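Below: one structure, written as structure tokens.
The values are calculated or read from the model by the stated rules, or taken from the named source; none is laboratory data. No experiment lies behind these values; they were computed from the predicted model shown. Cβ sites come from the backbone with ideal geometry, for glycine too, and all protein chains shown count toward neighbours. With ligands, DNA and RNA removed, areas are computed over all heavy atoms of the protein, side chains included. Shrake-Rupley method; radii C 1.70, N 1.55, O 1.52, S 1.80 Å.
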Amino acid sequence: MVSLTRSGDRTLEEKEALLGYALIAPSLLLIAAVILYPVLYNIYLSFTAVPLSPAESPEWIGLQHYQDLLGSGQFWSALWTTVVFTFFSTTLATLGGLGAALLFNRKFRGRRFARGLVLLPYVAPLISIAFVWRFMLDPLYGIVPYVGSDVLGLYGGDIDLLSNDRTALWSVIFVDAWRYFPFAFLMLIARVQAIPSDMYEAAKIDGASRFAQFKDITLAELKYILATVFLLRWIWNFNKFADIWLLTRQVETLPVYAYTVAFANYQHGQAAAISMVLFLALIGFVLVYVAWILDW
Amino acid sequence: MSTKSTYRHTVDSFKNALGLGNQTIETSLYERLIFYIALGLSLFVTLFPFYYMTVASLSPESSLYSLPPTLIPDELTLTHYRTVFGPETFPFLTYFKNSFIVATVTAGASVLVATFGAYSFARLDYKGRGIFSRGVLMVYMFSGILLVVPMFQVIVWLGFVDSLWSLFITYLVQTLPVSLYMLGNYFRSIPEEIEEAAIMDGYSRLEVIFKITLPLSAPAIVAVFFFTFMIAWNEYLFASIFLESQGVYTLPIGIEALASGFHQVWGEIMAASLLTSIPLIVMFMYLEKYMVEGLTFGAVEG
């Protein structure tokens, strides 16, 4: 690739190119070794039975793991839980972010400071967030069950919101939306502020109602950024593991399912197949979404 | 745009130019009331858990385990903090130290490797650059859960199980794409003429990088450092499988072990949670401006 002239000198372009390769090489080597290789290895593992002892090599069993998955009720239920969790936590976080962005579009004293405060759930460490919510949802002394059941009487007491079958998923969805709405807020606020105010002025003069202004100006202007925020959050929520796992063991999404199969049952080959299905389902969703909704 | 609004716009412009503009927002008292209620509610929902964490960490056992829950404590106590810092119950300081070492080393290495890589993407011209830089972004599609099984095998093979090296290598590579992206964007925003002028003056490319580009990029480098620090500080998935003994636990693993090992230790858990949050919140307050870009790009598995 590098041609040396007779005197051994290189041209300036060649030197630049060489330096370019030299500077990017460490990044590329690391990514190839610690991301690309594991991803390819994961594909291989999903077709094998992985023995417990690392000294023995995996045994090729073809599509067995995938066939087992398709016939397993636990797998389909985990897939459904993943879709429900992802859809509602993503929608709630996006709507929450939109609401906050519209509120903060208005000038008020202390706006900059308040904006920093709104980002706190997203900035604080996950472990702290998970445990403060577990404390607040604690069935004996938690403040949420106290207010919800003793004060407001919304439901009969004695329900552990995080371990009850029917409420665990919704509690996790709510906490996740609470933690990640600041992301949507950050993405949207800049775009909201960029909508020219004369558009609203003009609409007002033309007699458009508040709702019409919101629908025809705000939403129309924010359509693409909203769709992008939704897609990004969808991707991340679909793969979510720690946020769910640290709150409760009752919500089994595909990542949680893969984790327990791998590290509680030690079936690494089966777990590799689950994570492959997770990945393919996500890619499938992204392609359909981009083609049909974003219309790129 | 309608003629009416053009007319209105023109009139307003003249008014503004003459200093007659009506700058205050014309809203009724009713509207303002609704606005402040909505704002107050949003801030309440956002901030209440943090307030409650603080109060619980400072409340005596008697008020933690009684109903109704204490919102404004009658008496404050540092008992929980003493337990957290004392060596008897659980080695919080060891966890803190481990997390700090992993996060600092990861962030330092990530900045170092990514600075060179990002400069190469931003300024140097060579075959394959476009594919490389787009490929690095594509890597971002691979989630932690997809990597966790094969990475476990790799870490076992390398003999890094139960050592902080396993986390260092994993976090370094997982944060590289974000670092490359953020630094690359920043380098591209520096006017190329400055560097060209230095080359005319006889600087070599490496001298340009060290003497001109890096000093100009200090804000971005600091932001990337703290951003990767934050990702390493938060990580749970890989740490939960690579680490086995208490001596190497990081904060997320250690606090989880405390919660599952004991009953009714909410005061201690809240104190530990608050102490874990402080480094990130302090950094964020100082660096908010720089971190917003990184946050919108999203953490690894944000």
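Brief remarks on what is shown
- Taking the conditions (1) touching a residue at least 60 places away in the same chain (Cβ under 8 Å); (2) crowded, with 22+ Cβ neighbours inside 10 Å; (3) of a type outside the set (Phe, Trp, Tyr) in turn, A:ASN239 satisfies each one other than (1).
Okay, residues lined up against (1) closer than 24 Å to A:TYR180 by Cβ; (2) in a helix (DSSP H, G or I):
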| residue | (1), (2) |
| --- | --- |
| A:ILE244 | yes, yes |
| A:ALA262 | no, yes |
| A:ASN265 | no, no |
| A:GLN270 | no, yes |
| A:SER275 | yes, yes |
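- Output for segment B:256-275, where each listed residue is open to solvent by less than 10 Å² (accessible area, probe 1.4 Å), in contact (Cβ under 8 Å) with a residue 60 or more places away in the chain and within 10 Å of chain A (Cβ to nearest Cβ): B:LEU258, B:GLY267, B:MET270, B:ALA272, B:SER273
- In the set (1) assigned by TED's automatic domain parsing to the domain that holds B:GLY247; (2) within 23 Å of B:ILE278 (Cα to Cα); (3) small (Gly, Ala, Ser), B:SER59 fails one condition alone, (1).
- Scope segment B:238-247; condition within 11 Å of chain A (Cβ to nearest Cβ) and open to solvent by 10 Å² or more (accessible area, probe 1.4 Å); matching residues: B:SER240, B:ILE241
- Restricting segment B:118-129 to residues that are open to solvent by less than 30 Å² (accessible area, probe 1.4 Å) and part of a helix (DSSP H, G or I), the residue that is nearest to the other protein chains (Cβ to nearest Cβ): B:SER120
- Within segment A:112-122, being part of a helix (DSSP H, G or I) and in contact (Cβ under 8 Å) with a residue 24 or more places away in the chain holds for A:ARG115, A:VAL118, A:LEU120, A:PRO121, A:TYR122.
- In a residue-by-residue description of segment B:203-223, the property of being surrounded by fewer than 16 Cβ atoms within 10 Å (Cβ to Cβ), within 30 Å of A:ARG134 (Cβ to Cβ) and of a type outside the set (S, T, N, Q) applies to no position.
- Among residues that are within 11 Å of chain A (Cβ to nearest Cβ) and touching a Pro at 6+ places or on another chain (Cβ under 7 Å), B:VAL173 is not included.
- Any hit, segment B:73-91, residues being modelled with pLDDT of 90 or more and in a helix (DSSP H, G or I): yes
- The residues of segment A:27-64 that are open to solvent by 90 Å² or more (accessible area, probe 1.4 Å), at the interface with chain B (Cβ under 8 Å from one of its Cβ atoms) and closer than 29 Å to B:ARG129 by Cα amount to a single one, A:TYR37.
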